Structure formats: C-alpha cells, structure tokens
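The values are calculated or read from the model by the stated rules, or taken from the named source; none is laboratory data. Computed from a predicted structure; not experimentally measured. Heads up, the Cβs are rebuilt from the backbone with ideal geometry, glycines too, and the neighbour counts pull from every protein chain shown. With ligands, DNA and RNA removed, areas are computed over all heavy atoms of the protein, side chains included. Shrake-Rupley method; radii C 1.70, N 1.55, O 1.52, S 1.80 Å.
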Amino acid sequence: MTAFPVSDRTSSLRIAPGPVDLGSIDTDAAPGYDGNKTTGAEDLIAMGPELADLQERLWADGKAEGKRNILLVLQGMDTSGKGGTLRSTVGLVDPQGVRITSFKAPTEEERAHDFLWRITNALPPVGVIGVFDRSHYEDVLIARVRSFAEPDEIERRYGAINAWEADLAANGTTIIKCMLHISAEEQKQRLLDRLEDPAKHWKFNPGDLDERAEWPAYREAYEIAIERTNTEVAPWHVIPADKKWYRNLAIGTLLLDALKSLDLDWPKADFDVAVEKQRLADEKPL
C-alpha cells in the first residue's frame, strides 16, 4: 500500500527521502497557495461540506464491515497550534466519527509496557478519523532530548515505529503525519500573548520555557526522527505554522486528500429497498 496522493497545493509539504534540514524550511511561508489570510479562511470553510460528506461515507463504510480508517498525527513545539488545528479542521466534520487522543507523560502502567502499547490502545476503530495530539514520536523526541531512554533504545524505536506504521497501513489505516513548524520568534510571541492575557493564563505552563531552552536539541531530534521514519506508506509533512490560517488550510487539505484517496461510496443496502418502501406505504395510521 502506498501513501495517498496529494494535491498540487500540498505536494511541496511532503518531505523527500534523505537528510532533513528544518532550518531551510520557511516557517512563515504558504507553499502551494497564492491567497491570503482572508481567502485562506474562506477556502477552508468551503471544503467543509465535502469533508463532512466523505467522513460520513467513511463512518458508513466502517459500519458496513469496512476495514479503513484515518490517523492524523500532529507533532510540534509548544504553541505550534495542535489544538487550533483540531478546532479549525477536524471541527468541520461530525464529532461522532472522530477520536482525539492527547498524549501526556506515560503513567506507571504504561511505562511497564513497550512504548507503543499505549499508542496501539488509542488507535481509531474502523470508519473513524483518529487524531493524535502528540504521539509515539514523543518517545524519540523528548526521550532523546531529556535522555529518558538510552541511545540504543532510541535507535530501536525508529525501526519499531516504521514496522508498526507499515502494519497499520497494510491493514487499512491511512496515516497523515504532520510536523507543525513554528519559528522560535513566533513561539516567543505566542507565549508572551498567553502571559499578557488573563484568559490565556490557563494555557501557560512554566515548563514550556524549560523546553524552549532546549530548542536546538529539539530541532535536531525532529530532523533525525523525520528522516528515520519518513517512509512511503507513512511520509512526513512539514507544515509552516507561523501563519495559523495557512497551517489550518494545509492540514484540512491533507485530510481531504486522504479521504478522497479512499474512493468511498455508500454501502449497498443489505435488505430489499422496494419491500421496505411498500411496507411503509401499506402501514395503517398510527
């Protein structure tokens, strides 16, 4: 199984095989799109009906013993907009067909298992769009930066991730992996905005500044992880995230591309439609 085809608008976001240099990717760009903030927001809303229709077809396919689902993986530094992406893009479809999991530090029970155990338990059922707000990649990102695992174990995990994702793809899961690429300057402004607005204080965590101090180490960890796990069936997309409107539009388009690639149709009725219509026509007044 190969990765889903992408539209011209998002083809430049897919990372080519080989070494990755995030410093060469403009965080404030809008590749593949020549509109502006206003048209970008309008175009995202305009794709809503088609997204909703295709998502309902996926849901119906799952109810009819289909085998397909979608897994959207969102990774990025703090303030890169994972939550905002969910509201603006996944929020366009019926929530009953979506399963969102936000991964925090592993519990004691989770630490007693292999790192992929809790991730596997959170996979979406068939017919559902699953979203990981952070994911198994934390186990090769923060684990690498903060030395939460030995170097040999980190090395093993890259291969384990590739094998695990290949198995998912072979069994009907379309994987969309997105790294929300924000600049250090934009992150600083967003953190400051949270501190200056009492309504956003709940979003601020002093630990975010501790992680920010490790910015170069995180960039290197992302570059290595993306290079090592950028496969044909589960390629990486790096999304410029300084422009929130473009970030949302790009991920919405990737989700639409993935749904289109499934070539979904409505399940055939497993009953005689004409007979059921006649039953209703012959029904006595209730």
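Kindly provide the set of residues from the range 27-54 that are surrounded by fewer than 16 Cβ atoms within 10 Å (Cβ to Cβ) and under 25 Å from Pro95 (Cα atoms), ordered by number.
Glu42, Ile45, Ala46, Gly48, Pro49, Glu50, Ala52, Asp53
I'd like to check something: does the range 269-282 contain any residue that is in contact with a strand residue (DSSP E or B) (Cβ under 8 Å, 6 or more places away or on another chain) and open to solvent by less than 70 Å² (accessible area, probe 1.4 Å)?
Within the range 269-282, none of the residues are in contact with a strand residue (DSSP E or B) (Cβ under 8 Å, 6 or more places away or on another chain) and open to solvent by less than 70 Å² (accessible area, probe 1.4 Å).
Out of the range 237-246, which residues are out of contact with any Lys or Arg (no Cβ under 6 Å at 6 or more places or on another chain) and open to solvent by less than 70 Å² (accessible area, probe 1.4 Å)?
Across the range 237-246, the qualifying residues are Val238, Pro240, Asp242, Lys243, Tyr246.
Of Asp167, Asp133, Asp139, Asp152, which residue is of a type in the set (Asp, Glu), open to solvent by 10 Å² or more (accessible area, probe 1.4 Å), out of contact with any strand residue (DSSP E or B) (no Cβ under 8 Å at 6 or more places or on another chain) and in contact (Cβ under 8 Å) with a residue 24 or more places away in the chain? Outline the logic, then answer.
On the way: Asp167 fails: in contact (Cβ under 8 Å) with a residue 24 or more places away in the chain; Asp133 fails: out of contact with any strand residue (DSSP E or B) (no Cβ under 8 Å at 6 or more places or on another chain); Asp152 fails: in contact (Cβ under 8 Å) with a residue 24 or more places away in the chain.
The unique qualifying residue is Asp139.
Which residue is farthest from Asp21 (Cα to Cα), if the candidates are limited to the range 179-206 and must be touching a Phe, Trp or Tyr at 6+ places or on another chain (Cβ under 8 Å) and open to solvent by less than 80 Å² (accessible area, probe 1.4 Å)?
Here the answer is Arg194.
Residues are listed down the side, and each one gets a yes or a no for (1) more than 30 Å from Trp202 (Cα to Cα); (2) of a type in the set (Val, Ile, Thr); (3) touching a helix residue (DSSP H, G or I) at 6+ places or on another chain (Cβ under 8 Å):
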position: Ser24; (1), (2), (3): yes, no, no
position: Gly40; (1), (2), (3): no, no, yes
position: Leu44; (1), (2), (3): no, no, yes
position: Ala64; (1), (2), (3): yes, no, no
position: Asp78; (1), (2), (3): no, no, yes
position: Lys82; (1), (2), (3): no, no, no
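Take Pro17 and tell me if it is exposed (fewer than 13 other Cβ atoms within 10 Å of the Cβ) and in contact (Cβ under 8 Å) with a residue 40 or more places away in the chain. Walk me through how you get there before you give the answer.
Working: exposed (fewer than 13 other Cβ atoms within 10 Å of the Cβ): yes; in contact (Cβ under 8 Å) with a residue 40 or more places away in the chain: yes.
Here the answer is yes, as Pro17 does meet what is asked.
Could you figure out which of (1) open to solvent by less than 30 Å² (accessible area, probe 1.4 Å); (2) over 30 Å from Asn69 (Cβ atoms) isn't true of Ser24?
(1)
Just to check your reading of the model, which residue among Leu249, Leu254, Leu209, Leu264 is of a type in the set (A, V, I, L, M, F, W, C) and open to solvent by 20 Å² or more (accessible area, probe 1.4 Å)?
Leu209
Can you tell me how many residues in the range 55-96 are surrounded by fewer than 20 Cβ atoms within 10 Å (Cβ to Cβ), within 17 Å of the chain's Cα centre (by Cα) and either more than 30 Å from Asp28 (Cα to Cα) or modelled with pLDDT of 95 or more (or both)?
3
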